[in-house]
Amino acid sequence: DLVIRAETRQRGIPVHFGFCTADDGAILSRFAVPAALSGWFSWSMLWLSTSILVRQPGGYAEMGVYSAANSIRTLVLFLPSVINNVGFSILNNERAKSGGGHRQAFLLNLAACSLISVVGVGAMGFFGRPLLSLFGKNFTGGYTLLWMLLASTIFDGVSMALFQYIQMRAKIWISLFWIIVPRDTFLAIAAFMLVPSRLGKGLAGAYLAASILGFFLHLSLVGILLLQSGAWRGRHEGLPVIQV
């Protein structure tokens, strides 16, 4: 902001700041506020879950192994995240055209994210032990933990693609209470139950279970929104067809 102000001042470009209540207020109330609350709640529950692990005997060592495996999980999700961001722009552009192109864009992005997630999991799982050994010889014992986290990326990748439709319908508030709160609360509860006995593997199992729950919550909300929009219509002698 300071750089922009200095540059515009130097070039004599007038800058006027304003706030349009109708437009900007709607963006803040319908998108920014629920998105910020979603992020805050997710990180709070994740922090609580990891804090349960580090408070166990030998918890810091277990947390180190978990963090290494989680870094690999994040790497697997990188490509689906990039594709999903590009796909969301295309989806909104096709939606504005009021044609059927947004349906194909949504389904294509969903298929691409799912396929790349599966391929990434297989590749990283195959090279899992050598990758973990890069962090240190004691990290190779987290191979089972790694597979749990890698399995969660399949559900996370598909959930990201499903969330596109929820964003397109501007149902961020609903997603906060339908998906984020139950999924991340479940993560903290599962970690509380599993971590004391299974340590890092317990936290990985809790995360995997929460990812599966999140996938079904995304799927159910998208299905309900499709039904509400009349997206399922019978044509050609009552045969059902699906439109997004």
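Worth a mention:
- Of all residues making up the stretch 67-109, the number that are modelled with pLDDT under 70 and crowded, with 19+ Cβ neighbours inside 10 Å: 1
- Any hit, the stretch 39-60, residues being within 21 Å of residue 175 (Cα to Cα), crowded, with 20+ Cβ neighbours inside 10 Å and either over 23 Å from the mean Cα position of the chain (by Cα) or at pLDDT 85 or above (or both): yes
- In the stretch 69-92, the residues that are without any contact (Cβ under 8 Å) to a residue 40 or more places away in the chain reach residues that are surrounded by 19 or more Cβ atoms within 10 Å (Cβ to Cβ) and assigned to a helix (DSSP H, G or I) with C-beta atoms within less than 8 angstrom, at least six apart or across chains, in these pairs: 83/109; 83/113; 83/116; 90/105; 90/109.
- All positions within the stretch 143-159 that are among the hydrophobic types (A, V, I, L, M, F, W, C) and either modelled with pLDDT under 90 or open to solvent by less than 10 Å² (accessible area, probe 1.4 Å) (or both): 145, 146, 149, 150
- Consider the stretch 191-231 and keep the residues that are within 18 Å of residue 150 (Cβ to Cβ) and open to solvent by less than 10 Å² (accessible area, probe 1.4 Å). The one that is modelled with the lowest pLDDT is 200.
- Within the stretch 119-144, the residues that satisfy the criterion of being within 20 Å of the chain's Cα centre (by Cα), in contact (Cβ under 8 Å) with a residue 24 or more places away in the chain and over 14 Å from residue 211 (Cβ atoms) are 120, 124.
The values are calculated or read from the model by the stated rules, or taken from the named source; none is laboratory data. Since the structure is predicted, the reported quantities are computational estimates derived from the model, not experimental observations. Neighbour counts are summed over all protein chains in view; Cβ atoms, including those assigned to glycine, are modelled from backbone coordinates with ideal geometry. For accessibility, only protein heavy atoms count, side chains too; no ligands or nucleic acids. Shrake-Rupley method; radii C 1.70, N 1.55, O 1.52, S 1.80 Å.
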